[in-house]
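Everything below concerns the one structure shown next.
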Amino acid sequence: VRQYVNAQLKNPGGNYGLGMIKFSASGNLLAMANPHSKVVEVFDVDLRRGRIFNPRLVDTARQFYGIAFSPSEELLYVTTWNEVLQYDVTSVPINTSRTVLGPIASASGLEFRGGIQRGPDGVIYVADSTCLRPIPFPDQRGAACMYIGSSPNVLRSPTHTLIGLPNIIDGQYLTTQIEPCLLPVADVVCDTIVCEQSC
């Protein structure tokens, strides 16, 4: 069993103190990427019992950071400091042969990729140095997903990113799976008997 915590007070989280953890939109999968432990893993999730189980090692030996599931949840996108990788997570065990997407280029000269976030339009966005670059067709395998590391920045100047993106849960985009709460109903009970020296 892999240990994910570290009791050192000066190093909370130990090797797991940096990186990303993200649920798939359905909530049935959880992925973790970490640059210090050099590991990417996928887990099954039982939402009814609040249980995370069946860890599957996706890849090792790279400094992984950002992660995002494709809308179909069949593909997992992962960044290292200088790559964007695509994995098929439908095979058991997971096929660790990766697709390196690119070409990787950076107009700013800062050669690193950071966070990945799926937008409400279904496009996955990659924090690429100071730019934000799209993966327009994230359910397509290999080059068909159309990620190009030198594609135009989707952010308008002077807005820029570095390695982080907002941590938005993909499931919020699935409005058919979100159950709205009913309006609260006021229910007031009034005792008509008041006793002396009582509130």
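Data table
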quantity	calculated
Any hit, segment 33-45, residues being modelled with pLDDT of 90 or more, over 23 Å from G164 (Cα atoms) and either of a type in the set (G, A, S) or over 15 Å from the mean Cα position of the chain (by Cα) (or both)	no
Some residue of segment 75-85 being surrounded by fewer than 18 Cβ atoms within 10 Å (Cβ to Cβ), at pLDDT 90 or above and under 26 Å from V123 (Cβ atoms)	no
Strands (runs of 3 or more DSSP E) wholly inside segment 91-196 containing at least 2 residues that are of a type in the set (A, V, I, L, M, F, W, C) and at pLDDT 75 or above	124-128, 131-135
Whichever residue in segment 33-58 is open to solvent by less than 10 Å² (accessible area, probe 1.4 Å) and touching a Ser or Thr at 6+ places or on another chain (Cβ under 7 Å) and, among such residues, is farthest from I124 (Cα to Cα)	V39
Close pairs from segment 23-36: first among the hydroxyl-bearing types (S, T, Y), partner open to solvent by less than 10 Å² (accessible area, probe 1.4 Å), Cβ under 8 Å, at least 6 apart	S24/A31; S24/F69; S24/D170
Hits in segment 59-74 - residues which are under 12 Å from the mean Cα position of the chain (by Cα) and either loosely packed, with under 15 Cβ neighbours inside 10 Å or charged (D, E, K, R) (or both)	E73
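The values are calculated or read from the model by the stated rules, or taken from the named source; none is laboratory data. What you see is a predicted model, and the numbers here were worked out from it, not measured in a lab. So basically every Cβ, Gly included, is an ideal-geometry build from the backbone, and we count neighbours across all protein chains shown. We work out accessible area using only protein heavy atoms, side chains counted, and drop any ligands, DNA or RNA first. Shrake-Rupley method; radii C 1.70, N 1.55, O 1.52, S 1.80 Å.
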